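I am attaching a structure below and will ask some questions about it afterwards.
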Amino acid sequence: MLLFDKCSNVEFTRLWKDGFISEARKEKIWVEILRANGIKGAYRKDGHVNLKAKEIGVSFPIFNDWVDVGDNIALGDWDHFEVVEITEIISKLFFLKYYKYKENDDYYVITIPIVKKAKGSI
């Protein structure tokens, strides 16, 4: 843990920047892995995801490769996420779009690397 009184402003800025860049690199690699596995989009589980209604407001994706009904997307962040299947695309108020989704039994709630369930596994 970084203690503010133990380092200079310059050192703190360097450490913060290095940590931020590291997180950005991890997210970029995660997106590449998702795309390589046929995942069409990724969204953080934030205020735009209604877990009860299983609905996602599509305003702020991590990435979106023209998601359509039947496509799989990731919900969460690079270090912990689940893969869900889009069941419906809904237009609400003006240009706002929402995706309805269901859990995808082909994938675990996972961390990197992506692990696809074998046929017949629990």
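Somewhere in the stretch 94-115, is a residue at pLDDT 95 or above, closer than 18 Å to residue 50 by Cβ, of a type in the set (Asp, Glu) and part of a strand (DSSP E or B)?
No, every residue in the stretch 94-115 fails to be at pLDDT 95 or above, closer than 18 Å to residue 50 by Cβ, of a type in the set (Asp, Glu) and part of a strand (DSSP E or B).
Residue under question is residue 71, and the condition is that it be at pLDDT below 90 and among the acidic types (Asp, Glu); does it hold?
no
Test residue 30 against the criterion of being farther than 16 Å from residue 82 by Cα and of a type in the set (Phe, Trp, Tyr), and give yes or no.
Judged against the criteria, residue 30 is not a match.
Residue by residue through the stretch 1-59, note down the ones that are modelled with pLDDT of 90 or more and aromatic (Phe, Trp, Tyr).
The one that is modelled with pLDDT of 90 or more and aromatic (Phe, Trp, Tyr): 43.
Hey, does the stretch 48-56 have a residue that's more than 17 Å from residue 104 (Cα to Cα), crowded, with 16+ Cβ neighbours inside 10 Å and within 13 Å of the chain's Cα centre (by Cα)?
Within the stretch 48-56, not a single residue is more than 17 Å from residue 104 (Cα to Cα), crowded, with 16+ Cβ neighbours inside 10 Å and within 13 Å of the chain's Cα centre (by Cα).
The values are calculated or read from the model by the stated rules, or taken from the named source; none is laboratory data. Bear in mind the structure is a predicted one, so any value in this text is a computation, not a measurement. Every residue, glycine among them, receives a Cβ derived from its backbone with ideal geometry; neighbour counts consider all protein chains shown.
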